[in-house]
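Trainee: The following block contains the structure, expressed as structure tokens.
The values are calculated or read from the model by the stated rules, or taken from the named source; none is laboratory data. Computed from a predicted model, the values in this text were never measured in an experiment. Please note: Cβ atoms are built from the backbone with ideal geometry, for glycine as well, and neighbour counts cover all protein chains shown. In case anyone asks, the SASA skips ligands and DNA or RNA and just uses the protein heavy atoms, side chains included. Shrake-Rupley method; radii C 1.70, N 1.55, O 1.52, S 1.80 Å.
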Amino acid sequence: MGRRLVPLTLDSLSDLPVTCRSCVFWELDQVSGEAAVKTGHPELEKESWISAVLLEWGSCGRIAYVDDAPVGFVLYAPPAYVPRSLSFPTSPISPDAVQLMTARVLPGYQGQGIGRTLVQAVAKDLVRRDFKAIEAFGDARWKEPGCILPAEHLLAVGFKTVRPHHRYPRLRLEVRSAISWKGEVEVALERLLGAVQKEPSLRPL
């Protein structure tokens, strides 16, 4: 099988699952996000967000392909581009970190190291940009698929809690630690992948 990772662009945005292409949970504040959904065109807001980040900051995502079929992706950006992050009680994201917004892998391709490769690609990109860490808001009471990743599974793949909270702790992964990940982290990533059973297309990393 031929594998490749490519930066997310406006041309490749269509390779994301429909639900992800039209999701603006992180990209807009709550009021704007609800308005976008009511108008029936949240995918246009998503495209506009990707365009603005690409122009002002650069690449904000990676897509994994196997034999030219998209099988997973990761989306990340500095907190200044992620309005919803300000609504969390454990914000803000540290100034030396970039926020992991979401990451998913096609169910049929789990267990092949694709999730680990995606996160490592983010880490390598951030090292080049002089960022020290990836941070994410976790859901400590996670019960079903959503836009916020389960905190316990983020901890299982190497994230550390930097600001505890009963519901939405903020977690951090040093990028150099992610780059040096070895095979044993695959078991923990499988737990994170396997935590989501109801998602019909791509599952959270």
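Trainee: Scan region 143-172 for trypsin sites (Lys or Arg not before Pro) in coil per DSSP, keeping those whose Cβ has at most 15 other Cβ atoms within 10 Å, and list them by number.
Mentor: Lys143, Arg167
Trainee: Here is a follow-up. With the dipole of region 29-90 worked out from charges on the C-beta (+1 for Lys and Arg, -1 for Asp and Glu) around the Cα centre, which of Pro78, Thr39, Phe88 lies farthest toward the positive end?
Mentor: Phe88
Trainee: Another question, if that's okay. Rg over Rh of the chain, using C-alpha atoms and the Kirkwood radius, what does it come to?
Mentor: Using Cα coordinates only, the ratio equals 0.93.
Trainee: A further question on this structure: In nm², what is the average projected area of the convex hull enclosing the Cα atoms of region 69-131?
Mentor: 5.3 nm²
Trainee: What's the lysine pair count for the chain at a Cα cut-off below 24 Å, pairs eight or more apart or interchain?
Mentor: Qualifying lysine pairs in the chain: 10.
Trainee: Percent of alpha carbon pairs in region 1-115 separated by more than 19 Å?
Mentor: Across region 1-115, Cα pairs with separations above 19 Å total 48 percent.
Trainee: Let me ask another. For the chain, what is the accessible area per residue in Å² when the probe is 1.4 Å?
Mentor: Ligands and nucleic acids excluded, the result is 47 Å² per residue.
Trainee: Residue separation times 0.36 nm, minus the C-alpha to C-alpha distance between Leu55 and Ala140: what's the value?
Mentor: This chain segment gains 27.1 nm when fully extended.
Trainee: Measuring from label point to label point, each 7 Å out along Cα→Cβ, what is the Arg176 to Thr9 span in nm?
Mentor: About 3.3 nm separates the two model spin labels.
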